[in-house]
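Q: Below you will find the structure I want to go over with you.
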Amino acid sequence: MKLAWVIATVLVAVLLQVTLARFTVGGRWVFDFVLVGVVYAALLWGPVAGMVAGTIGGLLQDVLATGIVGVGGLTKTLVGCAAGVVGTQFVLVHPRARTVVVAGATVLHRLLMVGLYSLIDQRWFGVPWKAILAETAINSLAAFVALQAAQALPGVIARSREGRRSSLSRRNW
């Protein structure tokens with residue numbers, strides 16, 4: 001059952017990434033909603049779920065984008081495992097705390113990507129700090145909104161069901 005939720009989380013993240021990527025302004029906005037989904041799965045279900053989500057999400061993103069297939073899968077797997085370990089070691093119940101983990105995971109992911117591509121191409125391109133900070137800000141904002149919604153959704157559903165039940169059970173005499 002957990003695997004189904006992990007896969008669903010990754011598929012929603014990939015769908016959001018593909019859908020919203022075309023609305024970026026001249027490629028200036030850099031965001032990675034797949035990474036947000038991977039970290040979300042890792043924080044919610046642990047390091048193994050983070051690794052599975054990272055592998056699936058990274059490989060799907062590699063296949064859909066240009067570049068070397070496997071680099072994104074490897075980096076997202078490592079980041080998903082690390083986020084899952086952080087989630088098991090610390091109590092992260094508030095969306096703000098989880099957003100900080102997403103921010104750290106974004107920086108780590110981008111540094112791993114730069115490092116792997118430098119190893120593969122045998123050239124050092126430097127670290128694009130402005131792009132990393134912009135991506136971190138957008139990913140953190142998206143994670144905060146998604147985590148707030150995920151935390152509030154069960155209560156909203158329960159209240160709507162309770163409201164329906166109470167209105168049906170009342171008898172007007």
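The values are calculated or read from the model by the stated rules, or taken from the named source; none is laboratory data. Quick caveat, the model's predicted, so the values are computed rather than measured. Note that each Cβ is placed from the backbone with ideal geometry, even for glycine, and that neighbours are counted across all protein chains shown.
Q: Surrounded by 13 or more Cβ atoms within 10 Å (Cβ to Cβ), at pLDDT 95 or above, out of contact with any strand residue (DSSP E or B) (no Cβ under 9 Å at 6 or more places or on another chain) and of a type outside the set (A, V, I, L, M), is that true of GLY115? Walk me through it before giving the result.
A: Working: surrounded by 13 or more Cβ atoms within 10 Å (Cβ to Cβ): yes; at pLDDT 95 or above: no; out of contact with any strand residue (DSSP E or B) (no Cβ under 9 Å at 6 or more places or on another chain): yes; of a type outside the set (A, V, I, L, M): yes.
Criteria not met by GLY115.
Q: How many residues does the stretch 102-125 contain that are within 18 Å of GLY58 (Cβ to Cβ) and not in a helix (DSSP H, G or I)?
A: 0
Q: Next up: I need the helices (runs of 4 or more DSSP H) fully contained in the stretch 1-87, keeping only those with at least 2 residues that are more than 21 Å from SER140 (Cβ to Cβ) and small (Gly, Ala, Ser). Full working, then the answer.
A: Working: elements: 2-21, 33-45, 47-64.
The qualifying helices (runs of 4 or more DSSP H) are 2-21.
Q: Go through the stretch 33-81 and count every residue that is within 12 Å of the chain's Cα centre (by Cα), crowded, with 24+ Cβ neighbours inside 10 Å and within 23 Å of ARG96 (Cα to Cα).
A: So the count comes out to 17.
Q: Here are some residues: ALA143, ALA97. Which one is surrounded by 10 or more Cβ atoms within 10 Å (Cβ to Cβ), part of a helix (DSSP H, G or I), touching a Ser or Thr at 6+ places or on another chain (Cβ under 8 Å) and at pLDDT below 95? Outline the logic, then answer.
A: Working: ALA97 fails: touching a Ser or Thr at 6+ places or on another chain (Cβ under 8 Å).
Every option except ALA143 fails the conditions.
Q: Are there any pairs, at least 6 apart or on different chains, whose C-beta atoms fall under 9 Å, with the first in the stretch 119-140 and over 25 Å from VAL36 (Cα atoms) and the second part of a helix (DSSP H, G or I) and of a type in the set (S, T, N, Q), and if so, which?
A: Sorted first by the residue in the stretch 119-140, then by its partner, the pairs are TRP124/SER118; PHE125/SER118.
Q: Within the stretch 50-72, can you find the residues that are among the aliphatic types (A, V, I, L, M) and within 15 Å of ALA105 (Cβ to Cβ)? Steps first, answer last, please.
A: Taking the stretch 50-72 as the starting set, the residues that turn out to be among the aliphatic types (A, V, I, L, M) are 51-53, 56, 59-60, 63-65, 68-69, 71.
Of everything in the stretch 50-72, those that are among the aliphatic types (A, V, I, L, M) and within 15 Å of ALA105 (Cβ to Cβ) turn out to be MET51, ALA53.
Results for (1) without any contact (Cβ under 8 Å) to a residue 12 or more places away in the chain; (2) small (Gly, Ala, Ser), shown as yes or no for each residue.
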| site | (1), (2) |
| --- | --- |
| THR55 | no, no |
| THR66 | yes, no |
| VAL69 | yes, no |
| THR77 | no, no |
| GLY80 | no, yes |
| GLY84 | no, yes |
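Q: For a quick check of your reading of the model, give me the residue pairs whose first member lies in the stretch 35-53 and is at pLDDT below 95, whose second is among the hydrophobic types (A, V, I, L, M, F, W, C) and outside any helix (DSSP H, G or I), with beta-carbon atoms closer than 8 Å and at least 6 apart or on different chains.
A: Hits for this filter: LEU43/LEU92.
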